[in-house]
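Student: One structure is given below, represented as structure tokens, and several questions about it will come after.
Each value in this text was obtained by applying a stated rule to the coordinates, not by laboratory testing. As the structure is a prediction and not an experimental result, all values here were calculated from the model. So basically every Cβ, Gly included, is an ideal-geometry build from the backbone, and we count neighbours across all protein chains shown.
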Amino acid sequence: MSIVQRIARPLLRCGAGFLLLAFGSAVAAPPAATLLPIREIRFEGNRVTRDRVLLRELVVAVGDPADPARIERSRQAIQDLTLFLSVTVEQRPQDDGVAVLFTVRERWFVYPYPLVDVNADGDLALGAQLRGNNLFGLNHTLRITAVRRTYDGDSRPDQISLTASYLAPLLADTRWSAALAGGYLDRTVARGELSNYGEVTRYAEAQALRTLNRHGLLSQGWTIGGGLRIQHQTIDTGSDPAPPSAGTAIAVLGSARYRDIRFNNYSETGTEFGNRIEIASKGLGSDYDYQRVTSSVSQSWPLGGVPYQTFELKADVGSYFGGGEGRLRDAFTVGGAELLRGYRRDQAQGDFLYYAAAEYLRPVIWNTLRLLLVAEAGSAWPSLGSQERRPLYASIGIGLRLRIVVVVNLQFEIGVAMPLSGGGSARLFGGGGR
């Protein structure tokens, strides 16, 4: 074989391989230029919701190629707003392109519902909540809640609470949002003849929030924020002895949230993370110092081939330092229907919290009704560095969770849970909201 042939053969083989690769790629993935352009985007069925609320979630725009994958991602993004019973999409020929039509079925957006919570200890909570979702068709959210709690025995005070919150997302079609909240808590503390007094706490807070996503999916991804919180606690002395009032604290607060959730009407999957910090300094408008830090994370996966069957892991941690001289309540508590269903409310209280849970959910009879299996563990210590570390509490439970799909974000659960540590028998649990 000549030198020329020895050099030419490898080059020819490389050239042939390159041509095959290029040809194969061209066959497997036709260029975007073969897709018709989007000439128009329309919405139908949104009698309340404004078009601009939907447009800011889309990852396609007029002039883009009509990529089926991106159009489907846009449809799911509208569904992820949780405002609609269903969202469908179709492409219709138009001139030398297509019109993309999204059709939605809206839920009920404003509704009141009763709050009832009772447990085996004889504790009773009665109240009501007014929910306003998608106010003004702009996805604004209002919550007003009034609850009266009475407890069996004198170890814990009866209380009346009133709270309200308002969230206005993406104001004037910018990436800025506003969040307002306030509350009132009146607790009557009566422990025999030696101590009889009331505690009243009021708070108000405001935050400015900024979404970090730049193009579409603005209800997803990272959101950071900051603002102020003002709280004031007073003691109404009925008979001595009673602790002094804590006074007023003005705290700077900051928050960071990440959301990547796929909403499927009867279930949701994906990731959520939240972190919040409050700092108040004595002398800077506050009567005392305090710092409060809380973090939460959850991850939910679809499980197997059964629709709306999910498995979720979630965790919470919190720490509190400082507080006024007259502070009566610990910052965190575990036990009851919200955290550790197998234990009485306020099983452990303290200024440091840790909690983790695993939940399995599977539809039974109807998609709106799902079987709940839950395992939980956690505790609350006097403080993060305290030598007095309370035991780890754990429980398992079984129940049913009912989702009311015609309204936004409303579900109820009921079941029974068994404590795995600390003794005690099985306990009923129940609750509502979301």
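Student: How long is the gain from VAL252 to ASP51 if the chain were fully straight, where each residue apart is worth 0.36 nm and the alpha carbon distance is subtracted?
Tutor: Residue separation times 0.36 nm, minus the Cα-Cα distance, leaves 68.8 nm.
Student: Considering Cα pairs under 8 angstrom that are at least six residues apart, work out the relative contact order of the range 280-369 and quote it in whole percent.
Tutor: Here the relative contact order equals 28 percent.
Student: Starting with the highest mean, order 37-43, 88-94 by the number of other Cβ atoms within 10 Å, averaged over the residues of each peptide.
Tutor: Per-residue Cβ counts within 10 Å, averaged per peptide and sorted highest first, yield 37-43, 88-94.
Student: Mind running the shape call on the range 110-432? Use the C-alpha gyration tensor, a ≥ b ≥ c as the square roots of the eigenvalues: rounded below 1.5 for a/c, prolate if a/b tops b/c, oblate otherwise.
Tutor: Values: a/c = 1.64, a/b = 1.17, b/c = 1.40.
Oblate.
Student: Quick one: if you stick a label point 7 Å off each Cα along the C-beta vector at ASP260 and THR88, how many nm between them?
Tutor: 3.1 nm
Student: If you plug each phi of the range 40-52 into the Karplus form 6.51 cos²θ - 1.76 cosθ + 1.60 with θ = phi - 60°, what whole-Hz ³J(HN,Hα) values come out, in order, with x for Gly and Pro?
Tutor: Each residue of the range 40-52 in turn: 7, 10, 10, 10, 10, x, 8, 5, 9, 5, 6, 4, 5 Hz.
Student: Calculated FRET efficiency, ARG148 and LEU101, Cβ-Cβ r, R0 45 Å, to nearest 0.05?
Tutor: For R0 = 45 Å, the calculated efficiency reads 0.35.
Student: How would THR271, THR368 line up from fewest to most surrounding beta-carbon atoms within 10 angstrom?
Tutor: THR271, THR368
Student: How much net charge surrounds ASP64 when only other residues with a Cβ under 13 Å from its Cβ are counted (Lys, Arg +1; Asp, Glu -1)?
Tutor: +1
Student: What list of ³J(HN,Hα) couplings, whole Hz, do you get for the range 104-115 from phi and the Karplus terms 6.51, -1.76, 1.60, once you set θ to phi - 60° and write x for glycine and proline?
Tutor: Result, rounded to whole Hz: 10, 10, 7, 8, 7, 9, 10, 6, x, 8, x, 10.
Student: Which far-off residues, 5 or more places away or on another chain, put their amide H under 5 Å from the one on TRP108, with H placed in the peptide plane?
Tutor: HN-HN under 5 Å from TRP108: VAL407, VAL408.
Student: Got a sec to turn the phi values of the range 363-370 into Karplus ³J(HN,Hα) couplings, 6.51 cos²θ - 1.76 cosθ + 1.60 with θ = phi - 60°, whole Hz, x for Gly and Pro?
Tutor: x, 10, 6, 10, 5, 6, 10, 10
Student: First obtain the Kirkwood hydrodynamic radius of the range 246-393 from its Cα pairs, then insert it into the Stokes-Einstein equation at 20 °C and 1.002 mPa s, and state the resulting D in µm² per second as a whole number.
Tutor: 123 µm²/s
Student: At what distance in nm do the modelled label points of LEU392 and HIS215 sit from each other, each positioned 7 Å from its Cα along Cα→Cβ?
Tutor: Label-label distance for LEU392 and HIS215, simple model: 4.7 nm.
Student: Can you pull the percent of Cα pairs in the range 34-106 with separation above 21 Å? Before the final figure, lay out the partial values.
Tutor: Details: 517 of 2628 pairs.
I get 20 percent for the Cα pairs in the range 34-106 exceeding 21 Å.
Student: Gain in length, LEU180 to ARG344, computed as 0.36 nm per residue apart minus the alpha-carbon separation, to one decimal in nm?
Tutor: Details: separation 164, 0.36 × 164 = 59.04 nm, distance 3.20 nm.
Gain on stretching LEU180 to ARG344: 55.8 nm.
Student: Also, quick follow-up: Once amide H atoms are built 1.01 Å from N in the peptide plane, which residues 5 or more positions from LEU420, or in another chain, come under 5 Å H to H?
Tutor: ALA394, SER395, ILE396
Student: How far apart, in nm, are the 7 Å Cα→Cβ label points at PHE136 and ALA358?
Tutor: That separation, rounded to one decimal, is 4.6 nm.
Student: For the residues ASP158, ASP330, what sequence is obtained by ranking on other C-beta atoms within 10 Å, fewest first?
Tutor: ASP158, ASP330
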